[in-house]
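The values are calculated or read from the model by the stated rules, or taken from the named source; none is laboratory data. Remember, it's a predicted structure, so these values are computed and weren't measured experimentally. Positions of Cβ are generated from backbone atoms using ideal geometry, with glycine treated the same way; all protein chains shown enter the neighbour counts.
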Amino acid sequence: KLMDEQKKIFFNGSPANPKKKLTAVEGALARGASEAVATKLFDDMADFAKYAFNKSHAAAYAVLSYETAYLKKYYTPEFITAVINDRITNQKEVSKYVNYLRNKGVPVLKPDINEGDVFFTTNGTTVRFGLVAVKAVGEDAARHVVEERKRGGPYKNLSDFFRRQTSMPNRAMIENLIKAGAFDCLGENRATLLANYEQAMTATSEENKRKMSGQFSLFDEIEELNSDIDLVRLKELPRKQILENEYEVFSLYLSGHPLEDYKEAYKAIPFTTAKVAEAEEAAKAAEDGDESVGAVPSLDGEAVTAAGMLLDVTKKVGKTGNEMAVFKLQDLDGTIEGIAFGGTYTRFKDLFKTGNIVQVDGILKDKDGVYSLNVKSVREWKKPTEEQDVAAPARNVVFVVKFPHDYAAVYPKVKEICSAYKGGVEVYFLIDGKYYRHDQTVADSELLIAELYGAVGPENVEIKERKR
């Protein structure tokens, strides 16, 4: 219909239409062309239009595809860095491309308040995490950290860092940056940094309040030169805890992988996610018309035994009202989505926890070219005997937490911390000179002590030998 209307205008013209901002068209016949010539000319243009637009687009896309492939091949760090920065707010995409870089042999460095930048950067050989890629770190806050470092030089310690911020960063941001390794450049381990950062923040806030109220003198200025807090130094967190912290703030493991100790045992596992990745890529290539792929064998319905770490385990209720679990199973080659329906979930409920390292039996399911695993049974995947960790003997101790007189604000925080570290150690709260036994026992954990230090101060946490 549209072409018929245009043909009439082409032949006979059309009057001006001011409302539609259309000028008058004289028409081919009025300009002396015969009907035969006008018909041939219009038909030629119509035929040309059928393919000219598509071909011009195809040519443009071909050029872009070639340029993109060239950059990806010969400038891998630079190209992938640009891709990551374009998708910086999507942690899943960031994780995917960071793993791509590592698989290509490109070292990916942790974020760093003294070396890094707001976004991902590269020197052509390595790629460094941007501060804003850490969970709970906003672009404005990250930009200020970087700009202040460029202005005033590298940060020397925690006190120096907080003193140089125009507004006090929120605790979640600082804690996540520490867990990500961004403060490692200060020369302290992460357990020590986690135990002391809140004290450094509080000291800096009080110092700023004194300045704003005018309650300072020459002696205060002299004292300020030596106002860095005295750190309570702890031994470093267990490697497993460091990696779990990294996954919490990155959605990936950066400084290592919890399955590294399983490399030899992994070789004996008959199925890995690499097989799924190959099948998915081959199916996609065949769908795109790549004739070199040949026949693509389907893994749909195949029974497999896999092993790895459970991630993002979520309990749900199915249509029948039965509990089920959805999760990711990550091995040394990649990740696959998994599901455990009612009966399976009920039988193995205790094993379906994020961070557990397990072996599973299940059936592969193919949905639109993407595979998932319907799990039928689960068991703990133990390391070979020679690699088993030797547990340290349990200490016969109790923890004592002293509360300030105005304890109402900090009390809920302490209870929340204790609830996250269940174990067999008794905790006593010292409030207004009286001891109260907490109704929950806790684990003898360095990280628990570090968090309690941060909540009430190192001077208010005691570890006492239990009287026999």
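Total residues in the stretch 330-366 satisfying the condition of being of a type in the set (Ser, Thr, Tyr) and part of a strand (DSSP E or B): the figure is 1. Consider the stretch 429-463. How many of its residues are more than 13 Å from Leu193 (Cα to Cα), of a type in the set (Asp, Glu) and in a helix (DSSP H, G or I)? The number of residues fulfilling the criteria is 1. Within the stretch 62-80, the set of residues being surrounded by 11 or more Cβ atoms within 10 Å (Cβ to Cβ) and out of contact with any helix residue (DSSP H, G or I) (no Cβ under 6 Å at 6 or more places or on another chain) comprises Thr68, Ala69, Tyr70, Tyr75, Thr76, Pro77, Glu78.
Contact map, the stretch 69-83: first residue under 16 Å from Gly130 (Cβ atoms), second residue exposed (fewer than 14 other Cβ atoms within 10 Å of the Cβ) and at pLDDT below 95, Cβ cut-off under 7 Å, separation 6 or more or different chains; pairs are Pro77/Gly124; Pro77/Thr125; Glu78/Gly124. Go through (1) on the phi > 0 side of the Ramachandran plot; (2) modelled with pLDDT of 90 or more for Lys135 and report which single condition fails. Here Lys135 meets the rest and fails (1).
Could you please let me know if Ala58 is at pLDDT 85 or above and either in a loop (DSSP other than H, G, I, E, B) or outside the structural domain of Val118 (by TED's automatic domain parsing) (or both)?
Numbers: at pLDDT 85 or above: no; either in a loop (DSSP other than H, G, I, E, B) or outside the structural domain of Val118 (by TED's automatic domain parsing) (or both): yes.
Answer is no for this residue.
Checking each residue in the stretch 421-454 for being modelled with pLDDT of 80 or more, small (Gly, Ala, Ser) and surrounded by 11 or more Cβ atoms within 10 Å (Cβ to Cβ) picks out only Ala443. Taken over the stretch 1-19, the criterion of being touching a Leu at 6+ places or on another chain (Cβ under 7 Å) and closer than 19 Å to Asp47 by Cβ is satisfied by Phe11 alone.
Specify which of the listed residues (Ala394, Ala408) is surrounded by 10 or more Cβ atoms within 10 Å (Cβ to Cβ) and at pLDDT below 85.
On the way: Ala408 fails: surrounded by 10 or more Cβ atoms within 10 Å (Cβ to Cβ).
Ala394 is the lone residue from the list that is surrounded by 10 or more Cβ atoms within 10 Å (Cβ to Cβ) and at pLDDT below 85.
Among the residues of the stretch 18-37, is any surrounded by 10 or more Cβ atoms within 10 Å (Cβ to Cβ) and assigned to a helix (DSSP H, G or I)? Yes, some residue in the stretch 18-37 is surrounded by 10 or more Cβ atoms within 10 Å (Cβ to Cβ) and assigned to a helix (DSSP H, G or I). The condition of being assigned to a loop (DSSP other than H, G, I, E, B), among the hydrophobic types (A, V, I, L, M, F, W, C) and either closer than 13 Å to Ile113 by Cα or without any contact (Cβ under 8 Å) to a residue 40 or more places away in the chain (or both) holds for only one of Val137, Val146, that being Val137.
Against the condition closer than 17 Å to Arg128 by Cβ, assigned to a helix (DSSP H, G or I) and either among the aliphatic types (A, V, I, L, M) or outside the structural domain of Asp333 (by TED's automatic domain parsing) (or both), how does Tyr51 come out, does it pass?
Details: closer than 17 Å to Arg128 by Cβ: no; assigned to a helix (DSSP H, G or I): yes; either among the aliphatic types (A, V, I, L, M) or outside the structural domain of Asp333 (by TED's automatic domain parsing) (or both): yes.
No, not satisfied.
Going through (1) assigned to a helix (DSSP H, G or I); (2) more than 18 Å from the chain's Cα centre (by Cα) one by one, Glu93 falls short only on (2). Of the residues making up the stretch 149-185, those that are touching a residue at least 60 places away in the same chain (Cβ under 8 Å) and hydrophobic (A, V, I, L, M, F, W, C) number 6.
Give the residues of the stretch 177-234 that are of a type in the set (A, V, I, L, M), at pLDDT 85 or above and in a helix (DSSP H, G or I), sorted by residue number. Correct list: Leu177, Ile178, Ala180, Leu186, Ala191, Leu193, Leu194, Ala195, Ala200, Met201, Ala203.
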